[in-house]
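Below is one structure, written out as structure tokens, with a few remarks after it.
The values are calculated or read from the model by the stated rules, or taken from the named source; none is laboratory data. Keep in mind it's a predicted model, so treat the numbers as computed, not measured. Cβ: placed from backbone, ideal geometry, glycine included. Neighbour counts: every protein chain shown.
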Ligand SMILES: [Zn+2]
């Protein structure tokens, strides 16, 4: 018997009565079989639904993990009131499921996901802000952070303007940038650079404690999405779905 805290990031039915849940834990993502879904008591039922953060009690039978019981810690009820919130959370879950493997696990990922869901659930930050923050911090946590310390040409720390390359993961200042460098497609201000630095480098305790102007957010949104999609080399259907909801607004 194993007891572990985790959050359900995906579920799928097995036959009429059982389901599999992918649960993100500090030790990575584990697949757990939940038997007799219809008969299960309501406490275990709500503790094992999508985006429930719970204490799971798991029987290990050979290669298989079978749920014994679960106690809710936080269910994120208010996420469920909004299709847009669920869509964004599903996109984050999709990224996690795609990237977090046994070889590449990181206990900070669960913390990042839980904190982002908290801010999303309670409307404490905008959707765009949380999406950029999650995308950039996540990719940094798994070791693919952009090089944002200084200009790749002259080493300047605080240039007025930056020209960032998604492909090369670095930037040039306006003195070093040559317009023939077609890879450097993202042009941003020093405030944009500071926002990226904050997301990538700040201590977890201060991670959500910053604000950006609408203009900086626009560049940040463009940058963070392009960056993660390019470096993961994967298309997420959940991102398309989230965007289709945005388009309806
Ligand atoms: Zn320079």
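Numerical summary
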| quantity | calculated |
| --- | --- |
| Only one of 41, 68 that is at pLDDT below 95, outside the structural domain of residue 228 (by TED's automatic domain parsing), farther than 14 Å from residue 23 by Cβ and more than 18 Å from the chain's Cα centre (by Cα) | 41 |
| Enumeration of residues in segment 198-221 that are without any contact (Cβ under 8 Å) to a residue 60 or more places away in the chain and surrounded by 15 or more Cβ atoms within 10 Å (Cβ to Cβ) | 198, 216, 219 |
| Enumeration of residues in segment 120-138 that are more than 10 Å from the chain's Cα centre (by Cα), assigned to a helix (DSSP H, G or I) and under 19 Å from residue 220 (Cα atoms) | 120, 127, 128, 129 |
| For residue 188: the one exception among (1) modelled with pLDDT of 95 or more; (2) loosely packed, with under 15 Cβ neighbours inside 10 Å; (3) within 16 Å of the ligand (Cβ to nearest atom) | (2) |
| So residue 176, is it modelled with pLDDT of 95 or more and within 16 Å of the ligand (Cβ to nearest atom) | no |
| Any hit, segment 172-192, residues being in a helix (DSSP H, G or I) and in contact with a helix residue (DSSP H, G or I) (Cβ under 8 Å, 6 or more places away or on another chain) | yes |
